[in-house]
1. Checking the structure you have, find out if any residue of segment 93-110 is touching a Gly at 6+ places or on another chain (Cβ under 9 Å) and either assigned to a helix (DSSP H, G or I) or surrounded by 15 or more Cβ atoms within 10 Å (Cβ to Cβ) (or both).
2. From the residues in segment 203-213 that are surrounded by fewer than 16 Cβ atoms within 10 Å (Cβ to Cβ) and within 22 Å of the chain's Cα centre (by Cα), which one is farthest from SER125 (Cα to Cα)?
3. Within segment 159-208, which residues are among the charged types (D, E, K, R) and assigned to a helix (DSSP H, G or I)?
4. Write out, first by first residue and then by second, each pair whose Cβ atoms fall under 6 Å of each other, whose residues are 6+ apart or on separate chains, and whose first residue, in segment 184-213, is farther than 19 Å from ARG156 by Cβ while the second is surrounded by 13 or more Cβ atoms within 10 Å (Cβ to Cβ) and among the basic types (Lys, Arg).
5. Give me the pairs, please: first residue somewhere in segment 65-92 and surrounded by 16 or more Cβ atoms within 10 Å (Cβ to Cβ), second residue anywhere and modelled with pLDDT under 90 and among the basic types (Lys, Arg), beta-carbon distance under 8 Å, and either six or more positions apart or on two chains.
6. With the structure loaded, tell me whether ASP108 is farther than 13 Å from MET221 by Cα, charged (D, E, K, R) and at pLDDT 95 or above or whether it fails that test.
7. Filter segment 111-150 for residues that are more than 17 Å from VAL229 (Cα to Cα) and surrounded by 16 or more Cβ atoms within 10 Å (Cβ to Cβ); which is modelled with the lowest pLDDT?
8. Working only within segment 219-235, note down all residues that are surrounded by 16 or more Cβ atoms within 10 Å (Cβ to Cβ) and not in a helix (DSSP H, G or I).
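The values are calculated or read from the model by the stated rules, or taken from the named source; none is laboratory data. Note that this is a predicted model, so its numbers are computed, not measured. Here Cβ is always computed from backbone atoms with ideal geometry, including for glycine, and neighbour counts include all displayed protein chains.
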Amino acid sequence: MKTTTEVQKHSLRVDDFDESRVSCNNKSRGLWGKLLALRTLAFLIAVALMFSKFTAGPQAQDLRGHSSSLDVNRALGVECSHCHTGSDFADATKPTFDFARRMKRMMDGINDGPLKGIGSLTCWSCHRGQPVPPRIPRAAWESIVVAHAADFAGGRASLGLTMGVYAASLGVDCSHCHMSRDWSDASKPAHQTVKVMSTIFELIPTYFDPAKRMPSTQCFMCHQGHIKVEQTDPR
């Protein structure tokens, strides 16, 4: 039979073993936690480096974010290969790559410039699911010129064409901008807005290289027969 002292010594040894095992388990968990944290950090660094390859550097595109949202694809109705070469999204060899980048800068310049406080444009506004925005049908503005031939008589040579294109592009008649029978009255807000919109046609060429490609723009491209310009696909 063991004495009380021997039992107490044995109990102490068991307690010491349990405490040692708990301490070892804690250390193991701590080590695995550190390893997991390091692996997570390494993964995040790898992702950051891969992302920077596509979005940094002088040759990289500045259409950041569209690769995930696919807004450009939907707006133009195209695949990524329309602008990009293979999986190297920083490759700027395709002419459409440079043109798309210039278009994006132009759009931002217009939104932050003439349109600031009025509205804004998106790729969808003009393209509506097509690589090339539609142009105004000739019959649309010619019918207006014929109907208002008497009103345009005596004006400058291009007056009928200008007014016809304005009206057909926005889907409005002359009264949208003008006071009845007094074409020189510029008091209507829409008349003032036209003056602001006209500056856009002066701004657009500054974003492009005429030796490569220069866009041909019309009011109709954005408005397409409506006063309010679409920003997203309404479907």
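1. No, there is no match, as no residue in segment 93-110 is touching a Gly at 6+ places or on another chain (Cβ under 9 Å) and either assigned to a helix (DSSP H, G or I) or surrounded by 15 or more Cβ atoms within 10 Å (Cβ to Cβ) (or both).
2. Applying the filter and picking the extreme gives ASP209.
3. Result: LYS195, GLU202.
4. Going by the 6 Å Cβ cut-off, the qualifying pairs are TYR207/ARG102; TYR207/ARG105; PHE208/ARG102.
5. Hits for this filter: ALA90/LYS53.
6. So ASP108 fits the description; yes.
7. Restricting to residues being more than 17 Å from VAL229 (Cα to Cα) and surrounded by 16 or more Cβ atoms within 10 Å (Cβ to Cβ), the top hit is HIS148.
8. GLN224, VAL229, GLU230
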